[in-house]
Amino acid sequence: MTIEIKVPVLPESVADATVATWHVKQGDTVSRDQNLVDIETDKVVLEVVAPNDGVISSITGAEGDTVLAEQVIALLEESAGQAKPAAAEAKSQSSSKGEVMDIKVPVLPESVADATVATWHVQPGEAVSRDQNLVDIETDKVVLEVVAPADGSLSEILAQEGETVNAEQIIAKFVAGAGAAPAAAAPAAEAEADSDSEALSPSVRRLLAEKDIDPASIRGTGKNGRITREDVEAHLKGGSAPAPAASTTQPSTAAAPVTGMVDRTEKRVPMTRLRKTIATRLLNAKNSTAMLTTFNEVNMKPIMDIRKQYQDAFEKKHGIRLGFMSFYVKAVVEALKRFPEVNASIDGDDICYHNYFDISMAVSTPRGLVTPVLKDCDQLSLAEIEKGIKNLAIKGRDGKLSMEELQGGTFTITNGGVFGSLMSTPIINPPQSAILGMHKIQDRPMAVDGKVEILPMMYLALSYDHRIIDGKESVGFLVTVKELLEDPTRILLDV
């Protein structure tokens, strides 16, 4: 039997991909689940595995070729050198159609010990197609998707939402080729769903609690009216339909207590793994560093004038808008060159000076704060920095950041100004020794040459580890950033 090897379904917003590396060649014998080829997109690398034992009879997608989702890139001949007796063939087909497969936790990134089952997107008995996302597995930093190995259905879920699991642990049973669960199991599953149609998954409960949303205000689109995470997100964007008028979840006015007291209920939801990690790291940073914060302010008018003058030409040439962050990064890199202590870190009794400039960007995501790293910023142009920041922000929002993109920064920039913060004292991101906080740009009266002028001003805050950075270096660093931002041509002229 000939099986087509196809490009997997690509992530949303990804139009095509590239055949990166073939791990086998034409004529090779392969075993089931063996990695055949790596497919590279601009966001992730996808592995394509053998659906069965057999021989690679043809490879049509060579390394370096651009391919589309579900494009055939190879053919696999199932291993069956001789014809089978009719009875054996029938048995083989029967077992293939109803073959039970294990759904396992993916191999976890290095340094990640375990993970949490975040959200099951299907329930036992539901028919699914090959490569459809079955469940989200949440680690401390990233969310991993586990997809269906073939067309079929889940027969049993072994690890419920919220449970802690290990790498390659079996979390469900899957029946290949089955359009539904066995007849005996289907009615039970349906009855359970009917009796618990209003049940919320842990991830949905967390999101509702974080956003302070009443579940009764959302119309569920999931099975049997269940509210899904997508329903909540649509509601936040204003696209969710109101709950039916006949809903009985809202108490009537007549049933209100005579005292007129408001509803004093409480909501209790478990912390996500990311939130736990953030809490631990921030507490450790406060307790293990001699942290101090120094402030300054910067006149943003020169940069605002440059952006206004060149915005259209910049966007037309580079395909991206010119923001403030590229100027911040350029100014920070130049200041780090002049004050290498701020770019250093403590390793035991040694000070490690970094001769490269990998800048961590604090990004707020629906799951919490993450700090993806833009590497070798000293070698990037303003346009390359803007594109890099946008790419990291999109990946952070979609939970697609890789471990490599979250590790190795030497200095952090956080911009609380996008949320309206006027001033703050940011906390150091260990093992780094400093973090720069940018804030809201606000018109204020300033004295200029003996006259009062209204200027767009922004406060800068540098939190630093006093064990390695003295006041002279911290103040000098901040003044350098201020001077470069107030005279951006110095960034271009390197003066």
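The values are calculated or read from the model by the stated rules, or taken from the named source; none is laboratory data. These figures come from a predicted structure and were not determined experimentally. Glycine also receives a Cβ, built like all others from the backbone with ideal geometry; neighbour counts cover every protein chain displayed.
Would you be able to tell me the number of residues in the range 132-153 that are touching a residue at least 24 places away in the same chain (Cβ under 8 Å) and closer than 24 Å to residue 392 by Cβ?
9
Which members of the range 433-448 meet the condition of being surrounded by fewer than 24 Cβ atoms within 10 Å (Cβ to Cβ) and assigned to a strand (DSSP E or B)?
Passing the criteria: 442, 443, 444, 445, 446, 447, 448.
Here are 471, 399, 450, 437: which of them is within 24 Å of the chain's Cα centre (by Cα), small (Gly, Ala, Ser) and at pLDDT 90 or above?
After ruling out the rest, the residue left standing is 437.
Report yes if residue 20 is under 28 Å from residue 401 (Cβ atoms), in contact with a Gly (Cβ under 9 Å, 6 or more places away or on another chain) and surrounded by 13 or more Cβ atoms within 10 Å (Cβ to Cβ), otherwise no.
It is true that residue 20 is under 28 Å from residue 401 (Cβ atoms), in contact with a Gly (Cβ under 9 Å, 6 or more places away or on another chain) and surrounded by 13 or more Cβ atoms within 10 Å (Cβ to Cβ).
Any idea which of 345, 381, 402 is more than 30 Å from residue 311 (Cα to Cα), surrounded by fewer than 16 Cβ atoms within 10 Å (Cβ to Cβ) and polar (S, T, N, Q)?
Just one listed residue meets the conditions, 402.
Please tell me if residue 355 is surrounded by 15 or more Cβ atoms within 10 Å (Cβ to Cβ), in the same structural domain as residue 481 (by TED's automatic domain parsing), modelled with pLDDT of 90 or more and not charged (D, E, K, R).
Answer is no for this residue.
Just to be sure before I move on: is residue 412 surrounded by fewer than 16 Cβ atoms within 10 Å (Cβ to Cβ), polar (S, T, N, Q) and modelled with pLDDT of 90 or more in the structure I sent?
Spelling it out, it is not the case that residue 412 is surrounded by fewer than 16 Cβ atoms within 10 Å (Cβ to Cβ), polar (S, T, N, Q) and modelled with pLDDT of 90 or more.
Here are some conditions: (1) within 32 Å of the chain's Cα centre (by Cα); (2) farther than 26 Å from residue 391 by Cβ. Residue 349 meets all but one. Which one does it not meet?
Result: residue 349 passes all but (1).
Any residue in the range 433-455 that's over 22 Å from residue 332 (Cα atoms): show its pairings with residues that are of a type in the set (S, T, N, Q) at Cβ separation under 6 Å, as long as the two are six or more apart or on different chains.
455/299
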